[in-house]
Every structure is written in C-alpha cells, then in structure tokens.
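Presented below is the structure to which this report refers.
The values are calculated or read from the model by the stated rules, or taken from the named source; none is laboratory data. What you see is a predicted model, and the numbers here were worked out from it, not measured in a lab. Because the Cβ atoms are built from the backbone with ideal geometry, glycine has one as well, and the counts that use them run over all protein chains shown.
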Amino acid sequence: MKTMTLTITRTPRTLIVDGASIEVEELGVRLPLARKPVDLNEVGGYGQHRIYVTETREMTTIEFDVFTNHLSARRDWLRGKGGSVHGGELCIEVTAPGRPYLYINPDHGDYPRYVARLG
C-alpha cells in the first residue's frame, strides 16, 4: 500500500459575524460540499468552497463511524452553529484516527446540512 501526506495551510482569521468578531482558521484549499448527505458515501458535493474552521471535534474511530453512518441524525453539539459568511462556510472540523477529515456546516441547525471531506 502506498500512502501520501498532504500539508494544508491553515491561516488564522478574525471574521465579523452579526457584529461580533470570531476567530477561525481558513483552510488553504477549497472543498466541494455535499448538501444533506445521509452517510459518508454521499459526501462529494459541488463547487469549491472556502472553509473557515470554527472548532475541532475529535472522535474515536467508533464514534466517527457511528456519526458518518447516520449523518442526517440530529446532534446537540451542532445546534446553532455554522453558516455562510465572507464568501466561505463556517465549519466544525471532525477528526478521528485513520479516518478522513470532515468539515461540517450545520447552517444554524442541529445536523450536518453541508459536509466536505479531505481524505
């Protein structure tokens, strides 16, 4: 098996959202977003979107697999987060060992309305 390592630049930014400033990290690549995917197989998406990471949620591989097998399920930890601002998407980064990185924009809801992936 061959492996490849990618380095993605993350640039700190301060954005003004609804009159308040928030600290984010902008990914150095643009990613396609899938709208309302049911599971990880449906994540591919459309377009090339600027991603602003607002927080990172680390999961175990089991937690990640349960999460990605039921992406349309409601999650308290997503409630009210995300949105689109300054030409980009406010996303929660989801990571787990040996799994792709996910970028979730619940768009103020409580489920992954928009999902991008790396890996």
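In the stretch 83-93, the count of residues that are of a type outside the set (Lys, Arg), surrounded by 16 or more Cβ atoms within 10 Å (Cβ to Cβ) and part of a helix (DSSP H, G or I) is zero. In the stretch 94-119, the residue that is nearest to the chain's Cα centre (by Cα) out of those that are surrounded by fewer than 19 Cβ atoms within 10 Å (Cβ to Cβ), at pLDDT 95 or above and in a strand (DSSP E or B) is Tyr101. Considering Thr56, Thr61, Thr9, Thr14, which residue is exposed (fewer than 14 other Cβ atoms within 10 Å of the Cβ) and either free of Cβ contacts under 8 Å to residues at least 12 places away in the same chain or of a type in the set (Gly, Ala, Ser) (or both)? After applying the criteria, what remains is Thr14.
Within the span defined as the stretch 79-92, every residue fails to be under 17 Å from Val43 (Cβ atoms), free of Cβ contacts under 8 Å to residues at least 40 places away in the same chain and more than 12 Å from the chain's Cα centre (by Cα).
Close Cβ contacts (under 6 Å, 6 or more residues apart or on different chains) running from residues in the stretch 24-47 that are in contact (Cβ under 8 Å) with a residue 12 or more places away in the chain to residues that are among the β-branched types (Val, Ile, Thr) and exposed (fewer than 13 other Cβ atoms within 10 Å of the Cβ) comprise Glu26/Thr11; Leu27/Ile8; Gly28/Ile8; Gly28/Thr9; Val29/Ile8. Going by the structure shown, is Ser72 in contact with a Phe, Trp or Tyr (Cβ under 8 Å, 6 or more places away or on another chain) and either assigned to a loop (DSSP other than H, G, I, E, B) or surrounded by 13 or more Cβ atoms within 10 Å (Cβ to Cβ) (or both)? Considered against the rule, which asks whether it is in contact with a Phe, Trp or Tyr (Cβ under 8 Å, 6 or more places away or on another chain) and either assigned to a loop (DSSP other than H, G, I, E, B) or surrounded by 13 or more Cβ atoms within 10 Å (Cβ to Cβ) (or both), Ser72 comes out as yes. Considering only residues that are touching a Lys or Arg at 6+ places or on another chain (Cβ under 8 Å) and either more than 17 Å from Val94 (Cβ to Cβ) or modelled with pLDDT under 95 (or both), which ones fall in the stretch 13-34? Result: Glu23, Glu26, Gly28, Arg30.
Being in contact (Cβ under 8 Å) with a residue 24 or more places away in the chain, closer than 21 Å to Thr7 by Cβ and of a type in the set (Phe, Trp, Tyr) narrows it down to one residue among Tyr114, Tyr103; which is it? Can you show your working first?
Numbers: Tyr114 fails: closer than 21 Å to Thr7 by Cβ.
Sole residue among the options that is in contact (Cβ under 8 Å) with a residue 24 or more places away in the chain, closer than 21 Å to Thr7 by Cβ and of a type in the set (Phe, Trp, Tyr): Tyr103.
Of everything listed in (1) more than 12 Å from the chain's Cα centre (by Cα); (2) within 11 Å of Asn105 (Cβ to Cβ), the single unmet condition for Tyr52 is (1).
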